[in-house]
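Since the structure comes first, as structure tokens, the remarks are kept for the end.
Bear in mind these aren't lab numbers, they're just calculated from the coordinates by the rules spelled out. Since this is a predicted model, take the numbers as computed values, not measurements. Note that we place each Cβ from the backbone using ideal geometry, even for glycine, and neighbour counts take in every protein chain shown.
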Amino acid sequence: MGDILPAVLRTLGLDRKFEEGRLRREWHGVVGDALARRSRPRFVKGGRLFIAVENNAWMQEIRFHQREIVERVRELFPDLDIHEIRLTLEREKDEA
């Protein structure tokens, strides 16, 4: 099964989506616990990883580590072919 699943996913064009899901699940291992608590990978498009960030302060912190993050993602998830990251502010959740 372990040999068949990757081939089936690739045939169906779902292998990249599978890797994106894996990146979301393993985000803390990519950026560490502090950054992972304040950011989350949203999606991949055109070699760019879009990341939602809690606030401007943490956005600046991620920018400071941008090169290392891209290198780590490329190392752990080479099939995603990430070349850069784009940061967006996470919308605040409505409090009822």
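What is the range 4-89's relative contact order, in percent, from Cα pairs under 8 angstrom and six or more apart in sequence? Computed over the range 4-89, the figure is 29 percent.
From largest to smallest, the equivalent ellipsoid semi-axes obtained for the range 4-89 from the alpha-carbon gyration tensor read 24, 12, 11 Å.
Based on the Cβ-Cβ distance from residue 37 to residue 89, what FRET efficiency comes out when R0 is 22 Å, to the nearest 0.05?
0.90
Restricting the count to DSSP beta bridges whose residues both fall in the range 24-96, what percent are antiparallel, rounded to a multiple of 5? If you can, show how the numbers build up before the last one.
Working: 6 of 12 bridges.
The answer is about 50 percent antiparallel.
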